[in-house]
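What follows is one structure encoded as structure tokens, with my remarks underneath.
The values are calculated or read from the model by the stated rules, or taken from the named source; none is laboratory data. Values in this document were obtained by computation on a predicted structure and should not be read as measured data. All Cβ positions, even for glycine, are placed from backbone atoms using ideal geometry, and neighbour counts span all protein chains on display. The accessibility values were calculated without ligands, DNA or RNA, using every heavy atom of the protein model including side chains. Shrake-Rupley method; radii C 1.70, N 1.55, O 1.52, S 1.80 Å.
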Amino acid sequence: MKPFLPQDDPNQEKRKDYLHRQQKAYQFDYESLSPLALLKNVPAVENFSSKYIGERILATSELPANMLAADSRTFFDPLDELQDYEDFFTRLPLPAVAKIYQTDRSFAEQRLSGANPMVLRLLDASDPRTQILADISNLHPLFDLRRELQKNNIYIADYTGTDEHYRAPALVGGGTYEKGRKYLPKPLAFFAWRWTGVRDLGEMTPIAIQLDPNPGSHVYTPLDPPVDWLFAKLCVQVADANHHEMSSHLGRTHLVMEPIAIVTARQLAQNHPLSLLLKPHFRFMLINNELARSSLIAPGGPVDELLGGTLAETMELSREACSTWSLDRFALPAELKNRGMDDPNQLPHYPYRDDGLLLWDAIETFASGYLKYFYPTDEAIVQDVELQTWAQELASETGGKVKGMPSKIDTVEQLIAIVTTVIFTCGPQHSAVNFPQYEYMAFAANMPLAAYRDIPKITASGTLEVITPKDILRLLPPYKRAADQLKIMFILAAYRYDRLGYYDKSFRELYHMSFDEVFAATPIQFLVRQFQQNLNIAEQKIDANNQKRVIPYFSLKPSLVINSISI
Ligand code: MN
């Protein structure tokens, strides 16, 4: 196989036949998660390879013994004390977060480098939500809210469903389980960036949490009794865990990338240079998503069992996350800017941003070199009928319905921007939210997937319900739920098929040729090695960054990032 643009290919018939067959095999389904554009039937060529299956089974082989040993200990339901949540880890390593999760530092740091560093945003001084802070009297006496707002030091994590960035449907119900109800809190959490006065040093700290979104409700602060404050923080963790799985993970990686893989299969010939570039980044995604639909998010499946809402409410979070996603606004630099988190002078510590941009730059450089080689002029872009049909179908309401996708591509720069976002989303972005599921979410007391006790209510006498240490345990998942949470989080984060920028494994499986054989006598062989070297330099910088971080951030180390949404 030799890469050719359609206008240069001597074998036009073969191309047409191939695309004809592909368009029959890959068809859209707009029903199952309406209005999302998903794949109707997954063709056999998309199945997991025997290598993938074998390696993945091996990677999860410790789990049964771990759970058996955990079960054989005598547990009461609900668990007796918080410490007991560590006992689930009999063979598997106890995540480091288990030793620090009750601290404000760990709580704040998880907004910047945890499993879901996608929610926190700068709070504008004119934002009506600042009133909640202005109304409370027990903020620290030395804290000057007006000044801090003016200096852009106040941040917010809003899970009420009304934030423009996370316009989730109002969840009123909450799910059930065999012993009663589950709850999904809708908190607002406020944070302050505190400069230490030494160069660029400082720390993010939580300053207030409102659990009940109704106006005038109680606002918790670190000056409250420790049990109340911990309860409030755990409610934020529950909301964040639901946001993580349904919005950041399933919605804004797995599901938003699916139509792009479908259209690529339908409209680009196998030897089209753009297909060759993107295919490793779509490897196993379609079958993986199909598996998620038939088991993970099926009635009675883990999402139904473990997350806060009813299955219908929970799925609504994903649907909403997809429909508010767009290719242009979720390019990493634009997305960071949109949340006011892009300026290192304003916020010097944001590991997801700092490490992410290193990978973004390496991907952009590679995509740029690759695409400029195949499209030396903008004419070559305009004359590429497959590429233009690809763009048109991606943008179309009767095709991929990809928001922010232009229906016509005029310049190579435009294509570089699209491709960089697609590769970043399939690679680093998915890995950044997928693999920390073990470190931050397998230990259920840190990020419970549901609350099992409601938020404190105003009693008949007009006072707020008193929270006791027992209430913390009532809030957290009971034994079986916590065990199942550990299981699913381990399974979803235990295996890496390949590594970002290394394409041989999927090329040999897809084309029975090495990457270098396919790109023989082209500078692409050289460009891919440059890409790998740039990723190694990024890795060294991230290692150096981690030396200066109180809690290291591993999620975007290029050696731990995979090419595709294959798990
Ligand atoms: Mn995943």
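Points worth noting:
- In nm, spacing of pseudo-spin labels at THR90 and SER294 (7 Å Cα→C-beta vector): 3.2
- Summing charges over all other residues whose Cβ lies under 15 Å from the Cβ of SER431, with Lys and Arg as +1 and Asp and Glu as -1, gives +1.
- Mean Cα-pair separation over length for the chain, i.e. relative contact order, pairs under 8 Å, 6 or more apart, %: 21
- Magnitude of the charge dipole for the chain, about its Cα centre and with charges confined to Cβ atoms of Lys, Arg (+1) and Asp, Glu (-1), is about 440 debye.
- Once the Cα-Cα distance is subtracted from the 0.36 nm per residue extended length, the SER396 to ARG146 segment shows a gain of 85.3 nm.
- Computed FRET value (nearest 0.05) for LYS457 with ALA65, which takes r as the C-beta separation and R₀ as 45 Å: 0.55
- Efficiency of FRET between ARG21 and ASP410 - r from beta-carbon atoms, R0 35 angstrom, step 0.05: 0.70
- Computed extension gain for SER34 through LYS99, at 0.36 nm per residue and net of the alpha carbon distance, reaches 19.2 nm.
- Net charge contributed by nearby residues that have their C-beta within less than 12 Å of ALA98 (K/R +1, D/E -1): -3
- Length released on extending from ASN546 to GLU517, taking residue separation times 0.36 nm less the Cα-Cα span: 6.6 nm
- Accessible surface of the chain [probe 1.4 Å, protein heavy atoms]: carbon and sulfur percent: 55
- For the listed residue pairs LYS16/LYS372; LYS51/LYS505; LYS233/LYS470; LYS233/LYS457, the alpha carbons are over 18 angstrom apart in LYS16/LYS372.
- Using the 1.4 Å probe convention, the accessible area of the stretch 304-356 works out to 31 Å² per residue with neighbouring protein chains retained.
- Using the Cβ-Cβ distance between THR162 and ALA380 with R0 set to 41 Å, the FRET efficiency from 1/(1 + (r/R0)^6) comes to roughly 0.30.
- Within-11-Å neighbourhood charge of ALA494 [Cβ basis; K, R +1; D, E -1]: +1
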